[in-house]
Each structure stands twice: as C-alpha cells, then as structure tokens.
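Input: a single structure, listed below in structure tokens.
Since every read-out is calculated from the coordinates, none of them should be taken as a lab result. The structure presented is a predicted model; accordingly, all values stated were derived computationally and were not measured. Cβ: placed from backbone, ideal geometry, glycine included. Neighbour counts: every protein chain shown.
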Amino acid sequence: MKREKIILYLALAITGFTAFKAASTLFHATEGKISFRSDAPLELIKASSNSLAGIIDTSKNTFSFKVAISSFEGFNSRTQREHFNENYMQTEKYPDASFKGKIIEDLDLSKDGTASVRAKGILNIHGVDNERIIKADLTVKNKVITLRSNFVVLLSDHNIPIPKVVYQKLANEIKVEVNTTLQPR
Amino acid sequence: MRLIPLTLLAILLTSAALPQDTLDIDKILDEEMNQKKDKTELVEATFKTSRIIHGHSIENTAKGILDFKISHRFGTLNNGFYQLFGLDNATMRMGLDYGITNRLMIGWGRSTYQKQYDGFLKYRILRQANGVKAMPISLSFMAAMFFATDTSSLRNNYNIPTGVKMNTSDKLSYAYQLIIARKFSTDFSMQIMPTLVHSNVVPYSTDPNDLFSIGIGGRLKLTKRVSINAEYYYNIPGRKLEKMAGEELHNPLSFGFDIETGGHVFQLHFTNSRGMTERQFITETPGSWGKGDIHFGFNVSRVFQIGKRKS
C-alpha cells in the first residue's frame with residue numbers, strides 16, 4: 001500500500017507542477033491593431049486592421065502573430081482596396097501575413113516594467129518569407145503586455161512588383177505600425 | 001494487484017501533463033483565428049468593370065465613384081485595306097457611370113451611331129458571399145432607356161417614308177435585364193443575362209415589339225491584370241427582328257481582352273455588332289462572323305472618386 005501511495009503522490013505532484021507552470025506562460029492579443037502607410041510623391045495610402053492576432057509564450061520568449069489581409073480597411077477608395085487584394089497582395093492565394101520567432105533579449109515578462117526588445121523571426125507576406133529582426137517596445141503592468149512597434153516592409157522583399165504606371169503613387173518602402181495589448185490566455 | 005492500475009494511472013497523469021512543454025503557439029493561434037471567423041465575406045471583383053464587352057456585367061460602380069467610359073467601334077475588317085480594315089469608319093459612345101449607393105448605380109451616355117442618348121439604372125439584388133450567410137450567385141437588375149435622334153438612320157432602318165412625321169415615341173426604346181453571375185474561382189467568372197428589349201417602332205408589321213434574348217458572358221483571368229472576355233446573346237426565335245434595311249440580322253458575339261492599370265481598365269475586342277447599347281447590339285446586329293463583318297473596338301474606363309471616402 002505504501003509503494004502505491006508514493007507512486008500516486010509522485011504522479012500527482014508532477015502533474016500539478018507542470019500544469020501549474022504551463023497555465024501562466026501564454027499571452028494572447030486582445031486588441032490587435034496594425035496599420036501601414038505608403039508615402040509616395042503623388043499619393044498617400046493608409047490602411048489598418050483591428051484583427052491582428054498573436055500569442056507570446058513568456059516561458060520560452062517565443063511569439064506568433066498573424067493578420068488576415070482582407071481585414072485591412074481605409075484606403076483612398078473601394079477600388080483601391082479591391083486592387084490591393086486582387087492585384088498586389090493576391091489575398092485569395094495568400095490570405096494571411098505572419099511573423100513568428102523568438103525575442104532575442106532574455107526577459108522576464110511576468111514582472112512589471114518596460115523594455116525595448118528585438119524580435120527575430122520569419123516575416124511572411126504575399127507567400128514570401130523574410131528573416132527579420134524587428135524592434136518593439138514592451139510594457140508589462142498588472143499581467144497585461146502592451147506592445148508597440150514601428151518597422152519598414154519593402155514590397156520588393158515579398159515579390160510585390162510596382163507597375164511603372166503607378167511608381168509615383170506607390171512606395172516600395174511601406175511603414176508599418178503595430179499597437180496591441182496582450183493578456184494571459 | 002493494485003500496483004498495476006495505479007502505475008497506469010500515474011503514467012496517464014504524467015503523460016497528460018508533459019506535452020505542455022512542447023506548446024505549439026502557431027497551432028493555438030490558428031485555432032484562435034478560426035474561431036473568430038464567424039463573418040460573411042462578400043465575393044468581390046467578379047469582373048474588372050461594369051461591362052463585359054458591350055453588355056452589362058454584374059459589377060456596379062462603387063458608391064461615390066464616377067466612371068468615365070469611352071467606347072470606340074471601328075468599321076468591319078472586310079472593308080479591306082483601302083478603309084484600313086475599318087479603322088476609317090468609327091462610331092463612338094461617351095458615357096458616365098456613377099455609384100449612388102453600393103447597390104445602385106446610374107449611367108448616361110451618347111452614341112454617335114444614330115445619335116442616340118441612353119440612360120440606365122442597375123441594382124444589386126443579391127451578392128455572392130462566402131461564410132456564415134453564404135450566397136452562391138450574384139443577381140442584378142438593369143433597366144435602360146434609349147433615345148435615338150438621327151431620324152434619317154431611323155427612317156432607313158424602320159422603313160418610315162420621308163413624308164411621314166416621326167413622333168418622339170418613335171425614337172424611344174427600352175431594355176430590361178436580369179444578370180445572374182457567379183465567380184467560380186479567382187480566375188474564372190460567368191454570367192447569364194435574360195433580356196427584354198422593347199422597341200416602340202420595328203422594321204415590319206410582322207415584327208414583335210417585345211424582343212427576348214438570353215445572353216451569356218464570361219471572363220478568364222490570364223495574369224493579375226489581364227483577362228480574356230467573351231459575350232454572346234441568343235435572340236429567341238419568334239421574339240426577334242429578322243431583317244433590317246435589307247440586311248439579315250444575327251446574334252451578337254464578341255471576344256476581348258481586359259487590361260487593368262491603376263485607375264484605368266482598357267478593353268480591346270472584336271465583335272460583329274455595330275452598336276454599343278442593348279437595343280442596337282442585341283436586336284439589330286447585321287454583321288456576320290462568317291462573312292468577315294468583324295469590327296475591332298475598344299473601351300476605356302477611368303474611375304474618379306467623387307463622393308466622400310469611406311472611414
């Protein structure tokens with residue numbers, strides 16, 4: 001009887017430890033806002049999406065972010081949004097853009113504070129992977145992570161060609177801004 | 001004895017706990033995103049513009065957008081080299097399409113052929129959609145009115161002698177059309193257009209005034225910005241005009257390319273039709289593909305944002 005008890009308690013203890021540890025390491029984005037702008041000599045184009053989804057695993061400092069391209073709104077006309085999806089992003093073929101990887105700095109995201117970090121991972125847009133190190137500002141307060149980041153995406157890095165006819169209206173350098181809150185899952 | 005089931009229980013518990021270490025956050029994220037997808041997505045851009053070749057496509061001009069259209073039809077290729085294969089004889093239509101709401105559009109135009117003014121309204125009744133509230137097809141209704149002012153052309157076509165005075169109603173005709181369309185894939189769309197053309201005056205007393213036809217049209221995308229289009233209207237026997245000004249009338253058949261760049265859509269095509277509006281091209285096409293009565297033509301469409309921008 002004593003041997004059986006030991007085994008049972010040991011099993012429960014292991015279950016208890018691992019379950020307890022796993023419960024608090026995932027944070028998911030609740031208000032994921034991502035926007036971009038193209039600042040070309042003859043035209044300024046702005047669009048944004050409130051459907052940025054993301055998860056950060058604070059035990060391993062890994063992250064995974066995704067956004068549906070069809071969720072971007074704004075633009076200068078409905079036709080321009082149609083062209084964005086049909087001709088440039090080919091949204092039916094590549095419905096999402098994603099960024100997955102690991103935070104370089106060794107942080108303890110369970111403690112309150114602010115930090116400037118570098119996120120290293122694969123940025124996938126229009127079906128093309130690009131390894132990037134993107135800087136972000138993380139603020140942790142009361143178990144809520146606020147993430148802000150500004151970075152540049154080159155259309156040429158993701159196989160999105162700009163036709164000569166519109167080269168003064170569409171910039172190759174797209175400025176992206178991410179503003180999201182993550183909460184424990 | 002009790003050791004075996006207890007060990008099994010122990011293994012079960014620990015094995016249930018262990019996989020937590022190999023969390024696949026990508027999979028968890030995908031699951032989360034799929035759960036959020038409870039919306040309905042409208043299918044967009046079934047065709048590149050509001051016309052396939054001559055006839056209407058299921059597409060409407062968006063709210064607040066003004067679409068300036070210029071259409072040219074040259075003479076027939078069998079006119080030979082002297083007429084530069086028809087290039088010397090051109091007819092033209094200038095038109096303006098405007099989106100009143102996202103479902104209702106209005107258009108006006110004037111054709112040099114028969115000096116005809118036209119106006120139409122097109123309303124989107126059903127829109128193809130994927131998702132929760134799925135709809136397999138798009139359905140639109142189009143109503144148009146035509147006012148031809150070139151009386152000598154009308155007299156010639158409708159056998160009205162010069163002595164007889166022509167009333168305003170003699171110059172009017174109407175078209176009503178249902179457009180049923182489906183975007184089958186990113187590259188392929190098709191539509192069917194049952195059409196009624198009512199002409200107040202017809203060439204012979206034996207001709208009906210209500211002319212029925214069924215149109216079929218489609219497009220196949222070749223590249224991101226180029227597509228090949230085709231359009232055919234079958235005039236229903238017994239409900240069509242047979243002859244006009246001594247020429248036998250045929251069903252209109254047209255083939256073309258759509259090229260889209262920025263705010264323009266260029267459509268280049270070959271057709272046996274002379275006119276560019278429903279009464280002219282559906283019910284009064286004297287040309288025959290077999291005889292080489294093929295016209296080269298093009299449409300240019302330029303969109304402008306007039307109304308207030310969204311958000």
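Taking 8 Å as the Cα distance limit and 6 or more residues as the minimum spacing, I'd like the relative contact order of chain B as a percentage.
17 percent
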Item to check | Taking the range A:25-184 and dividing mean pair separation by its residue count, relative contact order in percent (alpha carbons under 8 Å, at least six apart) | outcome: 27 percent
Checklist outcome for this item: The alpha-carbon center of the range A:65-98 and that of the range B:125-202 are separated, in whole Å, by 34 Å
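Can you put A:Leu154, B:Leu196, B:Leu249, A:Leu147 in order of Cβ neighbours within 10 angstrom, beginning with the fewest?
A:Leu154, B:Leu196, B:Leu249, A:Leu147
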Checklist entry - Order of B:His264, B:His56 from fewest to most other C-beta atoms within 10 Å? => result B:His264, B:His56
Next on the checklist: What would the Debye equation give as log₁₀ I(q)/I(0) for chain B at q = 0.08, 0.10 Å⁻¹, counting only Cα atoms as equal point scatterers?
Outcome noted: -0.44, -0.61
Item to check | GNM flexibility winner over chain B from B:Asn34, B:Asn209, B:Asn200 (Cα, springs under 10 Å) | outcome: B:Asn34
Item to check | Spatial separation of Cα centroids for the range A:122-185 and the range B:269-291, in angstrom | outcome: 52 Å
Item to check | Anchor A:Lys102: lysines whose Cα lies under 23 Å away (excluding residues fewer than 8 positions away in-chain) | outcome: A:Lys21, A:Lys33, A:Lys60, A:Lys66, A:Lys111, A:Lys120, A:Lys135, A:Lys141, A:Lys143, A:Lys175, B:Lys27
Item to check | Highest-fluctuation residue, B:Glu32, B:Glu231, B:Glu247 considered, GNM on chain B with Cα pairs under 10 Å | outcome: B:Glu32
Checklist entry - How do B:Glu260, A:Glu43 rank when sorted from fewest to most other Cβ atoms within 10 Å of their own Cβ? => result A:Glu43, B:Glu260
Checklist entry - Reported to two decimal places, what Rg/Rh ratio describes the protein assembly as shown when computed on Cα atoms with Rh from the Kirkwood expression? => result 1.18
Item to check | Helix B:25-36 axis, angle to chain B major axis (alpha carbon atoms, nearest 10°) | outcome: 50 degrees
Item to check | Total formal charge among the other residues, if their Cβ is under 12 angstrom from that of B:Met135, Lys/Arg +1 and Asp/Glu -1 | outcome: +4
Checklist entry - How fast does chain A diffuse by Stokes-Einstein, in µm²/s, taking the Kirkwood radius from C-alpha pairs at 10 °C and 1.306 mPa s? => result 86 µm²/s
Checklist outcome for this item: Once Lys and Arg are counted +1 and Asp and Glu -1 for all other residues with Cβ under 11 Å from that of A:Phe65, the total becomes 0
Checklist entry - Once you put a point 7 Å from the Cα of B:Lys133 and another 7 Å from the Cα of B:Thr162, both along the Cβ direction, what distance in nm separates them? => result 6.2 nm
Item to check | Average beta carbon contacts from partner chains per residue of A:75-87, 10 Å cutoff | outcome: 6
Next on the checklist: Can you give me the C-alpha center-to-center distance between the range B:28-79 and the range B:87-101, rounded to a whole angstrom?
Outcome noted: 18 Å
